[in-house]
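Values in this text are rule-based calculations from the coordinates and carry no lab data. Small disclaimer: the values here were computed from a predicted structure and weren't measured. Glycine also receives a Cβ, built like all others from the backbone with ideal geometry; neighbour counts cover every protein chain displayed.
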Amino acid sequence: MRAVIFDWRGTLVLTPTFRGWVTEALRRLERDTAPADDVIASLDVNRLDLPGVDADTALHRETYYAVFADAGLDADLADALYEVESDPTFNPFAVDVAATLSALRANGFRVGVLSDIHFDVRPVFDGLPVDSFVLSFEHGVVKPDPRIFRIALDELGTAPEDTLMVGDRATHDGAAVGVGMPTLLVPPLSHVGEARLHLVTNLMGCSAGAR
């Protein structure tokens, strides 16, 4: 094995809940957060995750604002909701991410991040050892399309059989198997204190020193 590619949301960072998302938007507007449940109930949340929505920034924005409009939300709340949804810092890292990435780098493995996302996540990785980012909105393709896995492999310069894919969704990240990549599915991150990335370093045989 020469490299590890990680999914982002649900794998390395905590995916915001609908309640957390709406509450944060209301908080940023300095509004009462009590109506958060009513706002959530007004949204057709299934439309927010339509296939391909993360492949195009304009399509993502258009889709979300259409849902906000149909829910009858005012313009300020719609803007705040989209701002939170597009804020990479509102996706906190699991406690073991930095140690895991550092251990992989120390043992000679290349590290990639592959995410279906509509914004740039690179800034929140400042100081962390990542060799390549493949973000769906920059390539116009999303998981489980095999093309996005091949792009990630090309970015790292590794072969499928030499590269471990790590993710939390069988329907999306698990598609790497079809490209020939060994794949490890971890439980979706439920809170930032949940450390389960030792499954990766154990599998890769990482030690404290470089190989």
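Counting only alpha carbon atoms, the long axis of helix 57-70 and the longest principal axis of the chain meet at about 30°.
The packing ranking, built from the mean of other Cβ atoms within 10 Å per residue, places the peptides 27-37, 168-178, 142-152 in the order 142-152, 168-178, 27-37, highest first.
Here the chain is assigned +1 on the Cβ of each Lys and Arg and -1 on the Cβ of each Asp and Glu. Its dipole about the Cα centre then comes out at about 1000 debye. Computed from the Cβ-Cβ distance with R0 of 35 Å, the FRET efficiency linking VAL177 to ASP37 stands at 0.35.
Its DSSP H runs of at least 4 residues, each contributing -39,500 (n - 2.57), put the calculated 222 nm mean residue ellipticity of the chain at -10000 deg cm²/dmol, to the nearest 500. Extension gain, GLU30 to ASN107: 0.36 nm times the residue separation minus the Cα-Cα distance gives 23.0 nm.
Computed from the Cβ-Cβ distance with R0 of 35 Å, the FRET efficiency linking ARG150 to THR17 stands at 0.60. Across the stretch 162-167, computed HN-Hα scalar couplings (Karplus, 6.51 cos²θ - 1.76 cosθ + 1.60, θ = phi - 60°) run 9, 10, 8, 9, 10, x Hz from first to last residue, x flagging Gly and Pro. The angle separating the long axis of helix 18-28 from the principal Cα axis of greatest extent in the chain is about 60 degrees. For the chain, the longest principal axis of the C-alpha atoms and the axis of helix 97-106 are separated by about 30°.
Taking the Cα centre of the stretch 18-90 as reference, the dipole from Cβ charges on Lys and Arg (+1) and Asp and Glu (-1) amounts to some 100 debye.
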